[in-house]
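The values are calculated or read from the model by the stated rules, or taken from the named source; none is laboratory data. Since the structure is predicted, the reported quantities are computational estimates derived from the model, not experimental observations. Using ideal geometry, Cβ is built from the backbone for each residue, glycine included, and neighbour counts are taken over all protein chains shown. Only protein heavy atoms, including side chains, enter the accessible area calculation; ligands, DNA and RNA are left aside. Shrake-Rupley method; radii C 1.70, N 1.55, O 1.52, S 1.80 Å.
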Amino acid sequence: MHIPEPRGPLSAALLAILAGLPTENVEALTGLPALVAARLAEADDVIEDDDIQLALFCLYELHYGGLDGVDDGWEWHPGLITVRRLLEQPFEQALRAASSAAVPDVPPVPAAGPVSDGVAAVLFALAASDTGPSLSKYVAKKATVSQLREFLIHKSIYQLKEADPHTWAIPRLTGRAKAALVEIQADEYGGGRADRMHSAMFGRTMRALGLDDRYGAYVDTVPAIALASVNMMSLFGLNRRLRGAIAGHLTMYEMTSSRPNQLYGNGFRRHNFDAAATAYFDEHVEADAVHEQIAGRDLAGGLVEAEPGLLADVLFGATAAIALDARLTSRVLDAWENGQSSLRSGLPAAA
């Protein structure tokens, strides 16, 4: 990914350090924890702080495809791992608070019947009870072509590497839950066909609307909440202790995907975009109708059946997904309904 523009003193200092080699900038790196503490003290909301979320996003990106021109030796540098942990702790606390506020009453798992079925029933009930604003309905009925492009730009921060954050969980699971996750991820990665990878299909949708489909092309354009939504997945996926949360997160994604993707596709068809533009959404209508059952009963349910102590984290991951999706959706719809762009710097020109 290209080096993004800094959004404050923390991200500026981090990117300046990353421009050198791991053996350089020792003094600047030593001072970074104090800068993190100062920024955290100043932040009104960690989840929507541009500087903090961009810094965390760049630190996580070192574990994915890396940053353009940044030495790979930084990935596991102890100083950067320390900084990442200093940012992760308050971010996780903020996510737990946000998820509790968004879904204050989570129903208990039924005592009767298989545990896995009971967990799935609770998660399906959470998905059905989500009454937040609907971006998919707006896209289907009202969105202009410019708004469709903005919609894709927001989604591109995750969709162009779709599945990767959840794949971190595979070596951390066993048995039924591992098998279920592998089955879901195999579909996400196109069943062995590069052109059928969901990230590649999303890229074709972007090109159909004149957008740049290179990963991270629009990182500078999206607000902090869009970065936070992806950072949440990386937090869950890269920390083994949060394996329950990443399972719950993916399960909620699958349970709330099929119908919205049908509506998204309808919104693009309303503007006469062809099957090349809608294939990504159409694929998810069918695939996620199957995935939601596998994720609910075998991934999340199977994990809790094997490790009952992870139930709380499974529910945390699911409700956190609901909470941040609602925040991003509200931001986008508020802007659109007031005739404004939902992006930080307005809609880029079409390629």
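May I ask which residue of ALA43, LEU18, MET1 lies farthest towards the positive end of the charge dipole of segment 1-76, with charges of +1 (Lys, Arg) and -1 (Asp, Glu) on Cβ and the Cα centre as origin?
Of the listed residues, the answer is LEU18.
Heavy-atom accessible area per residue, segment 96-222, 1.4 Å probe: how many Å²?
43
Under a point-charge model restricted to the Cβ atoms of Lys and Arg (+1) and Asp and Glu (-1), what is the dipole moment magnitude of segment 1-117 relative to its Cα centre, in debye to the nearest 20? Don't skip to the end; give the middle numbers.
On the way: 5 positive and 19 negative charges, 60 e Å.
Computed charge dipole of segment 1-117: roughly 280 debye.
Taking Cα centroids, how far is segment 113-131 from segment 154-190 in Å?
Cα centres, segment 113-131 to segment 154-190: 21 Å.
Rounded if a/c is under 1.5, else prolate if a/b beats b/c, else oblate: with a ≥ b ≥ c from the C-alpha gyration tensor eigenvalues square-rooted, which is segment 76-197?
Rounded.
Please work out how much accessible surface ASP71 shows to a 1.4 Å probe, ignoring ligands, DNA and RNA, in Å² rounded to 10.
60
Please state the charge dipole magnitude for the chain, taken about the Cα centre, from unit charges on C-beta atoms (+1 on K and R, -1 on D and E), reported in debye and rounded to the nearest 20.
Computed about the Cα centre, the dipole is about 600 debye.
Out of all Cα-Cα pairs in segment 237-351, roughly what percent, to the nearest whole number, are more than 21 Å apart?
Cα-Cα pairs in segment 237-351 separated by more than 21 Å: 54 percent.
Using the Cα centre of segment 285-328 as the reference point, and only Cβ charges (+1 on K/R, -1 on D/E), how large is the resulting charge dipole? Debye, rounded to the nearest 20.
180
If DNA, RNA and ligands are ignored and the probe is 1.4 Å, what is the ranking of ARG149, ARG196 by accessible area, most exposed first?
The ordering from most to least exposed comes out as ARG196, ARG149.
What whole-number distance in Å separates the alpha-carbon centres of segment 199-250 and segment 280-303?
Cα centroid of segment 199-250 versus Cα centroid of segment 280-303: 18 Å apart.
How high is the relative contact order of the chain, given as a whole-number percent (alpha carbon pairs under 8 Å, six or more residues apart)?
Averaging sequence separation for qualifying contacts and normalising by length gives 24 percent for the chain.
Could you compute how much accessible surface ASP72 exposes when probed at 1.4 Å, giving the result in Å² to the nearest 10?
Counting only protein heavy atoms, ASP72 exposes about 130 Å² to solvent.
When the helices in the chain are scored as -39500 (n - 2.57) per DSSP H run of 4 or longer and the sum is shared across all residues, what 222 nm value do you end up with, to the nearest 500 deg cm²/dmol?
After summing the helix terms and dividing by the residues of the chain, the value is -20000 deg cm²/dmol.
I want the local charge near LEU32. Using Cβ-Cβ distances under 15 Å, sum +1 for each Lys or Arg and -1 for each Asp or Glu among the other residues. If you can, show how the numbers build up before the last one.
Values: positive: ARG39, ARG84, ARG85; negative: GLU24, GLU27, ASP51, GLU88.
My count for the surroundings of LEU32 gives -1.
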